[in-house]
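One structure is given here, and the rest of the page talks about it.
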């Protein structure tokens, strides 16, 4: 299912999701996330200035998408950037989904 | 001459005075260091609290080499042949392996876990997972046990508080011991315990602010803080 994300160009990242250029789907996110390059956090959901920092991913392309056993979604993006979606809630709600 | 001087090399005889025996940290102590050089066989550290230098050999470096100039924590192993300190960066594993997770809780929005004589305080996304199922997560603090209860955070009646209480019941009966631990890039802390229990902390802030700290409970113990605190 995450294969539809590969090749998508990101238009915007918000705390509640990721939008893409020229496609009808988006990634809805209801859990913590962070964007890193190597050992540096570029933006994370605990940042008070999230929206300003989140512009760093606009225009980047999704290269790979992986889901872990715990439900983490990791997207490798161009420019050596990684988006890690990290479920941290025990309840039945979906931490992320493609809508 | 120090590691800030061009051409200085900590390995050259006489480049650093050996630490007198009465100033050595106890074996197993956690010490703060700054990476000053990379080599095929390991890396060199400046140990600011002791104003001396130490070595970390390749098998004691988890994952990639930390960058020169970066702050690291090491555990003191012994004194090498040239009277310099030998350390390990696998300190999470060496410090916590074999210790028991005894209880979990929170103070306001700071989650805490007690592991042997250590405490882990977390101000970042946290979860305890077993076989892919989240038993306790930091986002549980956002959800009241009773729908619509507006004071659940202050009244300690969130889903986090309920799950912590349930978990503490298990932890009191069964021994959950740390098997292994590591810090992945950007402070991603992973502790693997018996019975497939995994504790994970994922720092999620580019701006200033503490994500987590691991410290020895009681006065005088070393605190490892991520991200590292700025010096004076």
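A few points about this structure:
- Nearest 10 degrees, 0 to 90: helix B:159-173 Cα axis against chain B principal axis: 70 degrees
- Helix-only mean residue ellipticity at 222 nm for chain B, each DSSP H run of n ≥ 4 adding -39500 (n - 2.57), per residue, nearest 500: -2500 deg cm²/dmol
- Peptide B:137-145 shows a mean partner chain C-beta count of 4 within 10 Å per residue C-beta.
- Alpha-carbon Rg/Rh ratio, for segment A:18-99, with Rh computed the Kirkwood way: 0.94
- Pairwise label distance in nanometres, residue B:21 with residue A:37, each label 7 Å out on the Cα-Cβ vector: 5.2 nm
- Considering only B:171, B:136, B:214, the Gaussian network model of chain B with Cα springs below 10 Å gives its largest mean-square fluctuation to B:171.
- Most mobile of B:107, B:88, B:70 in a GNM of chain B (Cα contacts under 10 Å): B:107
- Among the residues of A:67-74, the average count of other protein chain beta-carbon atoms within 10 Å of the residue beta-carbon is 3.
- Volume per residue of the convex hull around the Cα atoms, evaluated for the protein assembly as shown, comes out as 167 Å³.
- Cα centroid separation, segment A:17-45 to segment B:27-67 (Å): 34 Å
- Counting, for every residue in B:125-132, the Cβ atoms of other protein chains within 10 Å of its Cβ and taking the mean gives 5.
- Whether chain B is rounded, prolate or oblate, judged on the alpha carbon gyration tensor where a/c under 1.5 counts as rounded: prolate
- Residues considered: A:56, A:23, A:43. Largest GNM mean-square fluctuation over chain A, using C-alpha springs under 10 Å, is found at A:23.
All of the numbers you see were taken from the coordinates with simple rules; none came from a lab. Bear in mind that the values here come from a model prediction, so they are computed numbers and not experimental data. FYI the Cβ positions are ideal-geometry reconstructions off the backbone, even for glycines, and counts take in every protein chain you see.
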